[in-house]
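Since the structure comes first, as structure tokens, the remarks are kept for the end.
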Amino acid sequence: MGVATAKPSIKRGWDLRINEPVRQFFYLPLLHSENLSDQPRYMCLVLKRLSLTDSSTLDDAKAHREDIRQFGRFPYRNCTLKRIDINAEREFLTNGGCKFRLKNFLKVT
């Protein structure tokens, strides 16, 4: 529901009527979407419409995008959504999940 509300609001430019940092709340549904096409859209909006003071926002976005790229979903939601883990997801979560991935992004970038 968040994405369904965020996309038309952004398209109409309503996000630009709101001052930072509150504006980022228009974009967060895209970051947390399990649709891979929403991930680069989030990064583009953050880069163009927010003043970033550090790279942690983009590092987090890259980690989210990689989760979706690798699994097609966020594995840490499986239990809550009563989805069955595949072996790769179980291994990913056992090894620290997105925190592990984010730490690796910080080393590389």
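The values are calculated or read from the model by the stated rules, or taken from the named source; none is laboratory data. Worth saying up front: this structure is predicted, and the values here are computed from it rather than measured. No Cβ is skipped: glycine too gets one built from the backbone with ideal geometry, and neighbour counts run over all protein chains shown.
For beta carbons closer than 8 Å, sequence separation of 6+ or different chains, a first residue in the stretch 56-68 that is of a type in the set (G, A, S) and a second that is assigned to a helix (DSSP H, G or I) and at pLDDT 90 or above, the qualifying pairs are A61/L31; A61/Q39; A61/Y42; A61/M43; A61/V46.
Can you tell me which of L30, L36 is within 29 Å of N95 (Cβ to Cβ), touching a helix residue (DSSP H, G or I) at 6+ places or on another chain (Cβ under 6 Å), of a type in the set (A, V, I, L, M, F, W, C) and in a helix (DSSP H, G or I)?
Working: L36 fails: in a helix (DSSP H, G or I).
Only one candidate qualifies: L30.
Pairing residues of the stretch 1-19 that are touching a residue at least 24 places away in the same chain (Cβ under 8 Å) with residues that are in a helix (DSSP H, G or I) and of a type in the set (K, R), at Cβ distances under 9 Å and at least 6 apart in sequence or on separate chains, gives I10/R41; I10/R49; D15/R49; L16/R49. If you check Q24, Q39 for being out of contact with any strand residue (DSSP E or B) (no Cβ under 6 Å at 6 or more places or on another chain), surrounded by 15 or more Cβ atoms within 10 Å (Cβ to Cβ), farther than 30 Å from N87 by Cα and not aliphatic (A, V, I, L, M), only one passes: Q24. For T57, the criteria (1) modelled with pLDDT under 85; (2) in a helix (DSSP H, G or I); (3) of a type in the set (S, T, N, Q) hold in every case but one, which is (1).
Would you please list the contacts, defined by Cβ atoms under 8 Å and residues six or more apart or on different chains, that run from a residue in the stretch 74-94 that is exposed (fewer than 10 other Cβ atoms within 10 Å of the Cβ) to a residue that is part of a loop (DSSP other than H, G, I, E, B)? Final answer for the pair search is I84/N78. For the stretch 53-69, the count of residues that are among the basic types (K, R), buried (at least 16 other Cβ atoms within 10 Å of the Cβ) and not assigned by TED's automatic domain parsing to the domain that holds R17 is at least one.
Where residues in the stretch 1-57 are of a type in the set (S, T, Y) and under 14 Å from I68 (Cβ atoms), which of them is farthest from the chain's Cα centre (by Cα)? My answer is S37.
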